[in-house]
Every structure is written in structure tokens, then in C-alpha cells.
Amino acid sequence: KNIPLFEKNINLILKKLNMEDAIFAVNLTKMENVHEKGYDFCEFYIRTNKGSKIKPLIKIASGGEISRIMLAIKILMQNKRSKETLVFDEIDLGISGKAAENLGNNLLKLSSDTQVICISHLPQVASKGNNHYKVFKKTNKNLTFSNIVRLNSDSRINEIAQMLSGKEITDNSIKQAKYLLDL
């Protein structure tokens, strides 16, 4: 009986995550016989684009769409679960601009109540965090190592600037990085 409210709220959150044309739905079917997961079979359906049909999420949603749907569910369930750490690995896949800004703001809102760790390549998302770590790989002889370094204020500005402009950091990218960081 809570499915219509759940669907309505997820659809509202998806619109805020720049999935304006998405329609999310839950299909709950009572099975004839009990199986290892009970009597119910639950499947999420989605339409991501106007004019397309609603289909099982697992068959049509991209990685970025699945990540945003997961974020929408986490936002909706925020007060209904125990406090935990949420890890999002490249949740910003396939988005940019306004959608990235909205995603960053929603992650920031979620982090007010829960620890959020987010791997991102987008400056609009990375600039929202309270702490910023750079994850990178280094090769030494025939081995590759993953490294992580906490960035201080200056190195964070440079990292955001590099995310904006690529290899060459410019005065404009530094200025834009400071703007994104509210400095």
C-alpha cells in the first residue's frame, strides 16, 4: 500500500537530479509458491526518455541513471535507516553542467545526516565535499599502486582547476575553482 507514495517521491527526487522525463514504477507480484526470497517478486521499472516505454530498470538504465536512482532511494530512505557510510563510485557518470550541480547539492544534503564518500571526475560534485582526497595510480617498475592524498585548501583549488581545464591550469580555471568552492 506504500508503493504509490514511494513511486511519487522517487519521481520527484529524480526530477531534481535532472531526470525530468523519467517515470519510476514498482512492480510487486505475489508468487504462487514461496521461494527463497518469500512470496513477493519486486522489480523496479523506469522510463528514462519521453516517448519510450516503461521497462525493467535492469534492462534499460545506464550506469549513471542507476546511480542516480540509487541516490534518490537513499535520499528518500535517509531518515528510515541507521546511520551508515554511503559510497558512490562515479555516480556522476554521463552527466555534466546543471545536472552535475544538482547532483552535488543532493549529495551535500545527504551528507548532513550520513557520511558520504564519492568518487567523482566532475568539479561541480567534487567542490561540494567537506574534505577532498585525490585518488591516483602510480607505476613503479612492473607494479601499479593506487594512492590517496588528502588535499589542503591550496591543493584543492589546484585540483578543481585542473578538473576544469585539463593539464594546463589557467588563471581562469583557478578563478572558477575558487567560485565553485565558495572562496
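The values are calculated or read from the model by the stated rules, or taken from the named source; none is laboratory data. Every value quoted in this text rests on a predicted model; they were computed, and no experiment measured them. Neighbour counts are summed over all protein chains in view; Cβ atoms, including those assigned to glycine, are modelled from backbone coordinates with ideal geometry. In case anyone asks, the SASA skips ligands and DNA or RNA and just uses the protein heavy atoms, side chains included. Shrake-Rupley method; radii C 1.70, N 1.55, O 1.52, S 1.80 Å.
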Practice prompt. Tell me, yes or no, whether the stretch 32-44 has at least one residue that is surrounded by fewer than 13 Cβ atoms within 10 Å (Cβ to Cβ) and under 19 Å from Asn106 (Cα atoms).
Written response: no
Practice prompt. Tally the residues that are among the polar types (S, T, N, Q) and surrounded by 11 or more Cβ atoms within 10 Å (Cβ to Cβ), restricting the search to the stretch 68-95.
Written response: 1
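Name the residue, out of Gln176, Gln162, Gln115, that is modelled with pLDDT under 90 and not aromatic (Phe, Trp, Tyr). Full working, then the answer.
Working: Gln176 fails: modelled with pLDDT under 90; Gln162 fails: modelled with pLDDT under 90.
Unique residue meeting the criteria: Gln115.
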Worksheet entry | Per-region count, the stretch 77-99, residues in a helix (DSSP H, G or I) and either farther than 23 Å from Asp21 by Cβ or at pLDDT 85 or above (or both) | 3
Worksheet item: Is it the case that some residue within the stretch 157-171 is farther than 27 Å from Thr85 by Cβ, touching a residue at least 12 places away in the same chain (Cβ under 8 Å) and either small (Gly, Ala, Ser) or not in a helix (DSSP H, G or I) (or both)?
Response: yes
Worksheet entry | Odd one out for Glu65, checked against (1) open to solvent by less than 40 Å² (accessible area, probe 1.4 Å); (2) without any contact (Cβ under 8 Å) to a residue 40 or more places away in the chain; (3) of a type in the set (Asp, Glu) | (2)
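What number of residues within the stretch 4-26 satisfy the criterion of being of a type outside the set (D, E, K, R), in contact (Cβ under 8 Å) with a residue 24 or more places away in the chain and open to solvent by 50 Å² or more (accessible area, probe 1.4 Å)? Walk me through it before giving the result.
The first filter runs over the stretch 4-26 and keeps only residues of a type outside the set (D, E, K, R), leaving 4-6, 9-14, 17-19, 22-26.
Of the ones still in play, those that are also in contact (Cβ under 8 Å) with a residue 24 or more places away in the chain are 6, 9-10, 13-14, 17-19, 22-25.
Now drop any that are not open to solvent by 50 Å² or more (accessible area, probe 1.4 Å), which leaves 23.
Matching residues across the stretch 4-26 total 1.
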